[in-house]
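Worksheet: the structure to be examined is printed underneath.
No lab work stands behind these numbers, since they all come straight from the coordinates. Because the structure is a prediction, the values reported are computed rather than measured. A quick note on method: Cβ atoms are made from the backbone with ideal geometry, for glycine too, and the neighbour counts reach across all protein chains shown.
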Amino acid sequence: MTRKIILDCDPGHDDAIAILLALSSHELEVLGITTVYGNVGLEYTSRNARIMVELAGKTTKVFAGASRPLLRERISAENVHGKSGLEGPVFDEPKLPLEAQHAVQFIIDSIFEHPNEVTLVPVGAFTNIALAMRLEPKIIPLIGEIVVMGGSTTLGNTSPAAEFNILCDPHAASIVFSSGVKLTMFGLNLTHQCLATPDRVAKFKALNSRVGNVTVQLLEFFKLAYNKRYGFAGPALHDPCTIAYLIKPELFTVQNMHVEVDVLPGPSFGRTVCDVWDVTGKPANCDVAMTADADGFFDLLIERLGTLE
Ligand code: BDR
Ligand code: CA
């Protein structure tokens, strides 16, 4: 049985690879791709999503969503992803049109159309998901589950305490984490285990295909920030971890715990406070990914991207 998903993203190099993995995997039916501001502005993320759909040889619909957070001012990550959000390869402008419907309405309609069957996969700011929950609260008990890339059990990457996607819109993230929907979190504690090291990048190159070559060019650009800031041997493939989990959950271990988002101004603004040792006794609301079979994850990525031209 295929699982119906909506991938909510802000491409972004790792978002782009998540799109390729989702669109090349028979286990998933991608109902649509929704975009949000984040790594770069909404115009670019909506363009980049359509570029990746075309690269995958598909016609999956792309819906543009929020262009700014609920309350705070917008932040972005051109320092990591470059001006367009997808620097590295040279792309033609996409021919695939952007859908006229707003992403938030598409999310709402899809959940009503397929009650309890839709998995939402936000891998950017959570603004679209929070807006859908606020605009039409009746969808909340009808959401199958939510698998997110965001947060961390440990340190942040955009402030010492906060991860980028959460810090983009902590209030939206708080709405999602406290919604009561079945939730799985892939935070930096997990995604930093999944690095595109040179030997792994060489395997994408060996695919000897357009998708393989574009992936290598994306990873070569993306690695610059990771080499510089963290001294990592390669960039962390954050967003594709969520998709890999939906395809092959055995690649990861998760731990059920209470997670809440700090929305108070101050140095911990946007932190996902993860009660790993259950010191609060508060009810668990999230499966938090803790360990990854990184080789298995890259084997899956290379196998699936290898099915694309
Ligand atoms: C997250 O932030 C973005 O820059 C990436 O695309 C990923 O979703 C990692 O913190
Ligand atoms: Ca992202």
Worksheet, complete the sentence: If every Lys and Arg gets +1 and every Asp and Glu gets -1 at its Cβ, then about the Cα centre the stretch 164-222 yields a dipole, in debye to the nearest 20, of 240 debye
Item to complete: DSSP loop (so not H, G, I, E, B), at most 10 other Cβ within 10 Å: list which GluC sites (Glu not before Pro) in the stretch 28-127 pass both filters.
Response: Glu73
Worksheet item: Among 194-200, 303-309, 270-276, how do they line up from the highest to the lowest mean number of other beta-carbon atoms within 10 Å?
Response: 270-276, 194-200, 303-309
Practice prompt. Report, by chain and number, residues whose modeled amide H sits under 5 Å from the one on Val288, excluding near sequence neighbours (fewer than 5 apart, same chain).
Written response: Met185, Gln255, Asn256, Met257
Item to complete: Mind putting a number on the dipole of the chain about its Cα centre? Charges go on the C-beta only, +1 for Lys and Arg and -1 for Asp and Glu, and I need it in Debye to the nearest 20.
Response: 380 debye
Worksheet, complete the sentence: Cross-link reach from Lys83 to lysines, straight Cα distance under 22 Å and at least 8 residues apart if same chain, gives Lys95, Lys223, Lys228
Worksheet item: Rounded to the nearest 0.05, what FRET efficiency do Glu93 and Ala284 have when you use their Cβ-Cβ distance and R0 = 41 Å?
Response: 0.35
Discussion item. Ignoring everything except DSSP H segments at least 4 long, calculate the 222 nm mean residue ellipticity for the chain; use -39,500 (n - 2.57) per segment, divide by total residues, nearest 500.
Written reply: -11000 deg cm²/dmol
Worksheet item: Can you give the alpha-carbon Rg of the stretch 165-309 over 2.2 N^0.38 Å, where N counts its residues?
Response: 1.18
Item to complete: Please give the per residue volume of the convex hull enclosing the alpha carbon atoms of the stretch 3-305, rounded to a whole number of Å³.
Response: 117 Å³
Response to the item:
Simple spin-label estimate for Glu113/Thr307, 7 Å along Cα→Cβ, in nm, reads 2.3 nm
Discussion item. Tell me the net charge near Lys205. Cut-off is 13 Å between Cβ atoms, Lys205 excluded, with +1 for each Lys or Arg and -1 for each Asp or Glu.
Written reply: +1
Response to the item:
Output row, site Glu29, 7 Å Cα→C-beta label point, backbone N cut-off 15 Å, window the stretch 54-88, residues 60-61
Worksheet item: Which FRET efficiency value, to the nearest 0.05, is calculated for Lys182 and Ala233 with the Förster distance at 41 angstrom and r the Cβ-Cβ distance?
Response: 0.75
Worksheet item: When the chain is fully extended, how far beyond the present Cα-Cα distance does Lys83 get from Ala202, taking 0.36 nm per residue of separation?
Response: 40.2 nm
